[in-house]
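Participant: The structure is given below, and queries will be raised subsequently.
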Amino acid sequence: MSPVREKASRERILEAAAEQFRTYGFQRTSMEMIAAASGISRPALYLRFANKEEVLRSVAEEAGAMQDRALQAARAQAGP
């Protein structure tokens, strides 16, 4: 898979996982649910993430990165 497609696939998985976590909470969300919401198989999800904790950690890291990018953009617009 190309790096661009891999990134898009990872983003799709993380978006779907975030939605599942918001809707059902961490305990009730399963890897099967994340895979189904992502449009991939459970084995394919396990090829990318070892477990649900790793998915959650990646969702949190991506959310932090998005927040950082938004803050940088706001600072750039505000100017000196």
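The values are calculated or read from the model by the stated rules, or taken from the named source; none is laboratory data. Computed from a predicted structure; not experimentally measured. FYI the Cβ positions are ideal-geometry reconstructions off the backbone, even for glycines, and counts take in every protein chain you see. Ligands, DNA and RNA are excluded from the accessible area calculation, which covers all protein heavy atoms including side chains. Shrake-Rupley method; radii C 1.70, N 1.55, O 1.52, S 1.80 Å.
Participant: Out of GLU11, GLU15, which single residue is at pLDDT below 95 and surrounded by 10 or more Cβ atoms within 10 Å (Cβ to Cβ)?
Facilitator: After ruling out the rest, the residue left standing is GLU11.
Participant: Ok, one more. List the residue pairs whose Cβ atoms are under 9 Å apart, where the first residue sits in region 16-37 and is over 18 Å from SER58 (Cβ atoms) and of a type in the set (D, E, K, R), the second is open to solvent by less than 50 Å² (accessible area, probe 1.4 Å) and at pLDDT 95 or above, and the two are 6 or more positions apart or on different chains.
Facilitator: ARG28/GLN20
Participant: Hey, another quick one. Does GLU54 satisfy the condition of being out of contact with any strand residue (DSSP E or B) (no Cβ under 6 Å at 6 or more places or on another chain) and open to solvent by 60 Å² or more (accessible area, probe 1.4 Å)?
Facilitator: no
Participant: Turning to a different aspect of this structure: Can you pull out every residue in region 50-80 that is in contact (Cβ under 8 Å) with a residue 12 or more places away in the chain and out of contact with any Leu (no Cβ under 7 Å at 6 or more places or on another chain)?
Facilitator: The answer is ASN51, LYS52, VAL55, LEU56, ALA63.
Participant: Here's a follow-up. Taking ALA44 as the residue in question, decide whether it is over 12 Å from the mean Cα position of the chain (by Cα), surrounded by 11 or more Cβ atoms within 10 Å (Cβ to Cβ) and hydrophobic (A, V, I, L, M, F, W, C).
Facilitator: In short, yes.
Participant: Can I ask one more? Just checking, does region 68-79 include any residue being out of contact with any helix residue (DSSP H, G or I) (no Cβ under 7 Å at 6 or more places or on another chain), part of a loop (DSSP other than H, G, I, E, B) and loosely packed, with under 10 Cβ neighbours inside 10 Å?
Facilitator: Within region 68-79, one or more residues are out of contact with any helix residue (DSSP H, G or I) (no Cβ under 7 Å at 6 or more places or on another chain), part of a loop (DSSP other than H, G, I, E, B) and loosely packed, with under 10 Cβ neighbours inside 10 Å.
Participant: Next up: Looking at region 28-64, which of its residues are over 13 Å from LEU14 (Cα atoms) and of a type in the set (A, V, I, L, M, F, W, C)?
Facilitator: Scanning region 28-64 gives ALA44, LEU47, ALA50.
Participant: What's the total number of residues in region 7-38 that are out of contact with any helix residue (DSSP H, G or I) (no Cβ under 7 Å at 6 or more places or on another chain) and outside any helix (DSSP H, G or I)?
Facilitator: Number of matching residues: 1.
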